[in-house]
Amino acid sequence: MKIALAGIALLGAASLVLAGCSSDSTDEASVGGMVECSDASIAAAVNADPAFATYVVTDFKCEGGWAYASADPAEGETGAPAMMIFEAEGQFWIPKAAADVCGTYTDGTYPADAMIPEALYDPACLAG
């Protein structure tokens, strides 16, 4: 009988814990907010990639939840200049491959299948 009571008490405690963890709220502020288009956030996104940890952002622009950044190796470091594309997801800039988001370039116009906004297309997708 003591074991049955202990089991019931344990189940009751577990349900209270689970009830405390659940939420019906969809308030984005409670899950971290939205990423900013700022020097600091773009530099953090570029430097999050170990291959570009010592790079310095030289230019960036954001539009419609997307951003591009051009970056050069820090003074005294070796490496080639880089162009990176990011998509905003919540409070983070997520790197994207140009081949996946720039669409099919054919006639010099903005591709219909591009995911990146047209305002960022030329500097982000045609660089290099």
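The numbers here are math on the coordinates, done by the rules we state, and not lab data. Quick caveat, the model's predicted, so the values are computed rather than measured. Backbone-built Cβ (ideal geometry, glycine too); neighbour counts: all protein chains shown.
Amide hydrogen proximity for M115: with H placed 1.01 Å from N in the peptide plane, the residues at 5 or more positions away or on another chain lying under 5 Å are C102, G103. Calculated on the alpha-carbon coordinates, the convex hull of region 36-98 measures out at 76 cubic angstrom per residue. Residues in region 92-100 carry Karplus couplings, in order, of 10, 8, 9, x, 10, 7, 4, 4, 8 Hz; the curve used is 6.51 cos²θ - 1.76 cosθ + 1.60 with θ = phi - 60°, and Gly or Pro positions show x.
Quick check on region 59-128: take the gyration tensor over C-alpha atoms, sort the square-rooted eigenvalues as a ≥ b ≥ c, and tell me if it's rounded (a/c under 1.5), prolate or oblate. Taking the square roots of the gyration eigenvalues as a ≥ b ≥ c, region 59-128 is oblate.
Each residue, T109 and K61, gets one label point 7 Å from its Cα in the Cβ direction; the gap between the two is 2.0 nm.
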